[in-house]
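Encoded as structure tokens, the structure appears first; notes follow it.
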Amino acid sequence: MALFRPDGVVRRFPTVAREVFDVTGAGDTVLATCALALGAGGTLEEATILANHAAGVVVGKVGTATVGTDELRAALKRHA
């Protein structure tokens, strides 16, 4: 995932998916997680990191899936 900042800086975030079963809904998960993080007062970088981890969780599930708070916390701890 890449974050293109208004000042021209591009920051790349490596994938965090452990195993990919289905990418259905991964983009929706990224957008929803970014919106939630930004709405809660997070920075663009924080939103991108959270969204990357959330997408990593959902692609590890079969079919259209969601990510819960506990799953996202666990994913963040694995990569801390």
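The values are calculated or read from the model by the stated rules, or taken from the named source; none is laboratory data. The model shown is predicted, which means the values in this text are computed figures rather than measured ones. Neighbour counts run over all protein chains shown; Cβ positions are idealised from the backbone, glycine included. The accessibility values were calculated without ligands, DNA or RNA, using every heavy atom of the protein model including side chains. Shrake-Rupley method; radii C 1.70, N 1.55, O 1.52, S 1.80 Å.
Structure data summary
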| quantity | calculated |
| --- | --- |
| Condition broken by Val62, with the remaining ones in (1) in contact (Cβ under 8 Å) with a residue 24 or more places away in the chain; (2) open to solvent by less than 60 Å² (accessible area, probe 1.4 Å); (3) not polar (S, T, N, Q) satisfied | (2) |
| Unmet criterion (only one of (1) of a type outside the set (Gly, Ala, Ser); (2) open to solvent by 40 Å² or more (accessible area, probe 1.4 Å); (3) assigned to a loop (DSSP other than H, G, I, E, B); (4) out of contact with any Lys or Arg (no Cβ under 7 Å at 6 or more places or on another chain)) for Phe21 | (4) |
| Failed criterion for Ala26 (all others in (1) among the hydrophobic types (A, V, I, L, M, F, W, C); (2) at pLDDT 95 or above; (3) surrounded by 11 or more Cβ atoms within 10 Å (Cβ to Cβ) hold) | (2) |
| In the stretch 1-18, residue most open to solvent (accessible area, probe 1.4 Å) [restricted to those that are assigned to a loop (DSSP other than H, G, I, E, B) and in contact with a helix residue (DSSP H, G or I) (Cβ under 9 Å, 6 or more places away or on another chain)] | Arg18 |
| Conditions (1) at positive phi; (2) part of a helix (DSSP H, G or I): number failed by Arg73 | (1) |
